[in-house]
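See below for the structure under consideration.
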Amino acid sequence: MTTSIIIAGPRGKMGSEAVKMVTEEKSYELVACIDHKHDGMTLAEIPGMPNLDVPIYTDVKACFQQHKADILIELSVPDAGFAHTELALNYGIRPVVGTSGFSKEQIDRLAHIAKETKTGCIIAPNFAIGAVLMMQFAKMAAAYLPDVEIIEKHHDQKVDAPSGTAVKTADMIKETRKSKQQGHPDEVETMSGARGAQDDGIHIHSVRLPGLVAHQEVIFGGPGQILTISHDSLDRASFMSGVKLAIEHVRNMTELVYGLEKIMMQ
Ligand SMILES: NC(=O)C1=CN([C@@H]2O[C@H](COP(=O)(O)OP(=O)(O)OC[C@H]3O[C@@H](n4cnc5c(N)ncnc54)[C@H](OP(=O)(O)O)[C@@H]3O)[C@@H](O)[C@H]2O)C=CC1
Ligand SMILES: O=C(O)C1=N[C@H](C(=O)O)C[C@H](O)C1
């Protein structure tokens with residue numbers, strides 16, 4: 001059985017890796033792409049893109065009306081990514097979303113539409129299997145070592161901070177640790193932002209530098225000991241097995257799932 005796929009953001013760092021993965025996989029067919037440029041062109045006509053006769057749409061509705069695909073792989077930017085995902089659900093096209101930067105309200109809204117339309121959707125803050133394990137291990141550790149800070153490090157072209165992975169890691173840690181204010185109760189920032197962002201007392205620090213890809217350390221401290229759980233994506237190929245896993249699962253789903261761990265660890 002062939003799975004027909006639309007990719008949003010095909011020229012991007014992740015989108016181009018996804019185009020490669022989809023076209024290499026025999027049971028997948030790339031039927032169209034969504035971009036905010038190059039309407040009416042094909043991928044083959046764009047310099048640097050593979051020689052594929054795949055149409056590009058800037059009009060997302062027209063794309064979904066003309067291609068009743070099984071799956072949308074969403075890898076663009078936060079605002080457009082949310083709009084694409086919402087529309088795909090309304091057309092019965094199952095979204096596999098890697099785009100980060102959605103608010104909790106946006107995720108709740110998509111979950112509501114997925115339920116109403118009985119359309120599967122996976123939002124995966126990180127598709128790298130090792131990163132999912134890092135988050136899961138951090139959740140386990142937080143039950144015993146509740147003082148924790150997250151340092152996420154990414155390339156300097158990333159638009160959202162903190163990363164989707166860091167936000168999800170904090171969410172998962174909150175599932176096992178009790179609410180806690182960390183550090184000295186009278187702590188003062190003499191330079192604004194010095195202690196990073198905070199989610200229920202968990203400090204999150206975002207580093208952006210050329211040369212980095214996607215990295216995260218979750219550091220736990222306890223009396224006389226430190227536990228560091230870290231993960232590094234050194235290449236965007238690291239995300240593709242997770243994208244495939246999501247595609248295989250979402251086909252049989254009728255609701256939204258937020259986090260790859262929900263399908264890896266059933
Ligand atoms: N879940 C995961 O495992 C991973 C998630 N990500 C996330 O995926 C997203 C993409 O990352 P990355 O590839 O590095 O980013 P890039 O900036 O390299 O790619 C984004 C692409 O989207 C295009 N774009 C911008 N606006 C629109 C629009 N309205 N419709 C369609 N395409 C649009 C951009 O075009 P232009 O350049 O012309 O503006 C660009 O080609 C980010 O949110 C990132 O955080 C990244 C890696 C892993
Ligand atoms: O922008 C990126 O590169 C990445 N974004 C995702 C995130 O925000 O967590 C996943 C991964 O870290 C790479």
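The values are calculated or read from the model by the stated rules, or taken from the named source; none is laboratory data. Source: prediction; values computed, not measured. No Cβ is skipped: glycine too gets one built from the backbone with ideal geometry, and neighbour counts run over all protein chains shown. Just the protein is used for accessible areas: all its heavy atoms, side chains included, with ligands, DNA and RNA removed. Shrake-Rupley method; radii C 1.70, N 1.55, O 1.52, S 1.80 Å.
Here are the numbers:
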{"read-out": "Shape metrics for the range 158-199, restricted to C-alpha atoms - Rg then Dmax, Å", "value": "12.6, 34"}
{"read-out": "The chain, relative contact order [Cα under 8 Å, separation at least 6], %", "value": "20 percent"}
{"read-out": "Integer Hz, Karplus 6.51/-1.76/1.60 couplings in order for the range 107-122, x for Gly and Pro", "value": "5, 4, 4, 5, 4, 5, 5, 4, 5, 4, 8, 6, 10, x, 8, 10"}
{"read-out": "Dimensionless Rg ratio for the range 37-125, taking C-alpha atoms and the 2.2 N^0.38 Å reference", "value": "1.13"}
{"read-out": "Residue with peak Gaussian network fluctuation, the chain [Cα springs, cutoff 10 Å], from Ser206, Ser103, Ser238", "value": "Ser103"}
{"read-out": "Span from the the range 43-87 Cα centroid across to the the range 198-266 one, whole angstrom", "value": "25 Å"}
{"read-out": "Tally of Lys pairs whose C-alpha atoms are under 24 Å apart, taken over the range 119-266, 8 or more apart or cross-chain", "value": "17"}
{"read-out": "Ordering of 67-74, 53-60, 127-134 by burial proxy (mean other Cβ atoms within 10 Å per residue, highest first)", "value": "67-74, 127-134, 53-60"}
{"read-out": "C-alpha long axis of helix 164-176 to longest principal axis of the chain, angle in °", "value": "50 degrees"}
{"read-out": "Radius of gyration and maximum dimension Dmax of the chain, Cα, Å", "value": "19.4, 62"}
{"read-out": "The range 180-241 - Rg (one decimal) and Dmax (whole number), Cα, Å", "value": "15.2, 46"}
{"read-out": "Mean Cβ count within 10 Å, highest first, over the residues of peptides 207-216, 221-230, 159-168, 249-258", "value": "159-168, 249-258, 207-216, 221-230"}
{"read-out": "Radius, Kirkwood style, for the range 142-231 when every pair of distinct Cα atoms is counted (Å)", "value": "13.8 Å"}
{"read-out": "Solvent-accessible heavy-atom area per residue, rounded to whole Å², over the range 126-194 at 1.4 Å", "value": "52 Å²"}
{"read-out": "The range 96-110 and the range 134-184: distance between their alpha carbon centers, rounded to Å", "value": "18 Å"}
{"read-out": "Local electrostatic count at Glu261 - Lys and Arg +1, Asp and Glu -1, tallied over other residues with Cβ under 12 Å", "value": "+1"}
